[in-house]
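Following: one structure in structure tokens, then a few remarks.
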Number of protein chains: 2
Amino acid sequence: MTLYFITGNKNKFLEVKKLLPEIEQLCLDLPEIQEIDPREIIRYKLLEALKHRDGEFIIEDTSLYFKCLNGLPGPLIKWFIKTIGVDGLARLVEALGDDRAEARTIIGYAKSKNEVYFFEGSVKGRIVSPRGEERFDWDRIFQPEGYNKTFAEMTIEEKNKISMRSIAIRKLKEFLES
Amino acid sequence: MTLYFITGNKNKFLEVKKLLPEIEQLCLDLPEIQEIDPREIIRYKLLEALKHRDGEFIIEDTSLYFKCLNGLPGPLIKWFIKTIGVDGLARLVEALGDDRAEARTIIGYAKSKNEVYFFEGSVKGRIVSPRGEERFDWDRIFQPEGYNKTFAEMTIEEKNKISMRSIAIRKLKEFLES
């Protein structure tokens with residue numbers, strides 16, 4: 001059975017495919033519910049996908065949590081980027097005076113509605129003024145703990161070694177192989 | 001045909017019923033999609049409701065827009081309240097240095113999937129430190145333009161005279177009567 005990664009984001013797909021070559025991209029426009037817990041957002045989408053067709057599916061969510069906002073933006077990060085942009089996010093954190101943040105990827109995997117599993121990876125860091133090239137949304141303002149580069153200043157290979165997304169994918173890979 | 005107000009919020013239901021006595025409350029747990037445009041959130045819910053049963057339905061959304069956040073929180077206000085609370089919202093606005101805000105109610109009405117109408121009411125104001133009794137979520141930090149009381153310091157009658165919700169309901173009422 002084919003393993004489909006449901007995403008409209010080509011960059012995410014390619015990043016995941018590097019670590020999990022067997023996946024295929026599937027573009028399905030699934031409703032994204034309002035939730036602060038990404039597992040609920042992912043679960044809802046997986047169950048919707050299973051209503052449409054049989055198969056094995058994975059869905060990914062990467063959220064960004066600010067200490068100064070007690071967990072916001074979390075999975076609502078894309079709305080923050082749409083409204084105030086990454087520059088606005090950096091200024092917001094500066095105004096509130098606590099730059100600690102955590103980036104967290106959750107991958108949901110399902111092959112039936114009773115078999116939904118989650119795999120998580122997270123990286124702690126700080127929010128800084130934008131540096132590096134524009135790639136993924138907020139890579140320019142996230143500097144992982146122990147590094148003096150933002151994600152956007154690293155090569156894809158450097159980032160993949162430590163990123164929350166690759167940690168989650170490695171866990172999924174172990175699960176699929178066992 | 002009965003006109004159902006779909007909401008789980010008893011306070012909202014009673015506030016609306018005062019102005020629109022014919023409505024009945026219907027509790028349906030409909031998916032709330034992630035959107036910055038409340039019309040899309042409401043439309044999705046109305047169409048879901050119509051899949052389940054025939055009828056005339058209204059759904060209400062009240063959003064709060066901050067100038068300093070370029071439109072956030074908007075319809076995502078409930079997540080801001082869950083994470084940082086109204087006190088946190090007031091501090092955030094203070095840190096960013098621009099207290100202008102707008103409260104906006106949108107009521108969606110549908111009796112079939114091709115007949116969906118929207119009615120809007122809005123009130124400009126400022127975000128202040130919490131004052132008044134706890135009632136609706138953020139009434140204690142919203143002070144409408146031209147008043148020196150927050151919504152929470154007003155009586156229900158005072159608030160209903162000027163609120164974004166009653167403006168939207170009056171528009172709906174005119175539509176239903178014409």
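The values are calculated or read from the model by the stated rules, or taken from the named source; none is laboratory data. What you are looking at is a predicted structure, and each value in this text was computed from that prediction instead of being measured. Cβ: placed from backbone, ideal geometry, glycine included. Neighbour counts: every protein chain shown. In case anyone asks, the SASA skips ligands and DNA or RNA and just uses the protein heavy atoms, side chains included. Shrake-Rupley method; radii C 1.70, N 1.55, O 1.52, S 1.80 Å.
Go through (1) farther than 24 Å from B:K18 by Cα; (2) in a loop (DSSP other than H, G, I, E, B) and name the single condition B:G125 misses.
(2)
Given (1) out of contact with any Gly (no Cβ under 9 Å at 6 or more places or on another chain); (2) assigned to a loop (DSSP other than H, G, I, E, B); (3) modelled with pLDDT of 95 or more; (4) farther than 20 Å from A:G97 by Cα, identify the lone condition not met by B:G108.
Every condition holds for B:G108 apart from (2).
Would you confirm whether any residue within segment A:112-123 is more than 14 Å from the chain's Cα centre (by Cα) and among the hydrophobic types (A, V, I, L, M, F, W, C)? Outline the logic, then answer.
Initial filter on segment A:112-123 (more than 14 Å from the chain's Cα centre (by Cα)): A:112-117.
Of the ones still in play, those that are also among the hydrophobic types (A, V, I, L, M, F, W, C) are A:116.
Checked against the condition, which is being more than 14 Å from the chain's Cα centre (by Cα) and among the hydrophobic types (A, V, I, L, M, F, W, C), segment A:112-123 yields at least one hit.
If we keep just the residues of segment A:130-178 that are outside any helix (DSSP H, G or I), among the acidic types (D, E) and open to solvent by 70 Å² or more (accessible area, probe 1.4 Å), which is farthest from A:E115 (Cα to Cα)? Explain how you work it out, then say what you get.
Here is the first cut: in segment A:130-178, the residues outside any helix (DSSP H, G or I) are A:130-150, A:154-155, A:163, A:178.
Narrowing further to those that are among the acidic types (D, E): A:133-134, A:137, A:139, A:145.
Going one step further and asking which of them are open to solvent by 70 Å² or more (accessible area, probe 1.4 Å), we end up with A:133-134, A:137, A:145.
Details: A:E133: 39, A:E134: 37, A:D137: 31, A:E145: 35 Å.
So the residue we want is A:E133.
Determine which member of the set A:Y44, A:Y4 is farther than 26 Å from A:K159 by Cα and in contact with a strand residue (DSSP E or B) (Cβ under 8 Å, 6 or more places away or on another chain).
Details: A:Y4 fails: farther than 26 Å from A:K159 by Cα.
Every option except A:Y44 fails the conditions.
For A:L19, only one of the following conditions fails: (1) in contact with a strand residue (DSSP E or B) (Cβ under 6 Å, 6 or more places away or on another chain); (2) in contact (Cβ under 8 Å) with a residue 60 or more places away in the chain. What is its number?
Of the numbered conditions (1) in contact with a strand residue (DSSP E or B) (Cβ under 6 Å, 6 or more places away or on another chain); (2) in contact (Cβ under 8 Å) with a residue 60 or more places away in the chain, the odd one out for A:L19 is (1).
I'm checking my understanding of the structure. Among residues of segment A:111-129 that are of a type in the set (S, T, N, Q) and modelled with pLDDT of 95 or more, which one is most open to solvent (accessible area, probe 1.4 Å)?
Step one: filter segment A:111-129 for residues of a type in the set (S, T, N, Q), giving A:112, A:114, A:122, A:129.
Among the residues that remain, those that are also modelled with pLDDT of 95 or more are: A:122, A:129.
Working: A:S122: 51, A:S129: 76 Å².
By that ranking, first place goes to A:S129.
On the basis of being at the interface with chain B (Cβ under 10 Å from one of its Cβ atoms), of a type in the set (G, A, S) and over 17 Å from A:N11 (Cβ atoms), does A:G108 make the cut?
In short, no.
Return only the number of the condition from (1) of a type in the set (D, E, K, R); (2) free of Cβ contacts under 8 Å to residues at least 24 places away in the same chain; (3) touching a Gly at 6+ places or on another chain (Cβ under 9 Å) that A:E24 does not satisfy.
(3)
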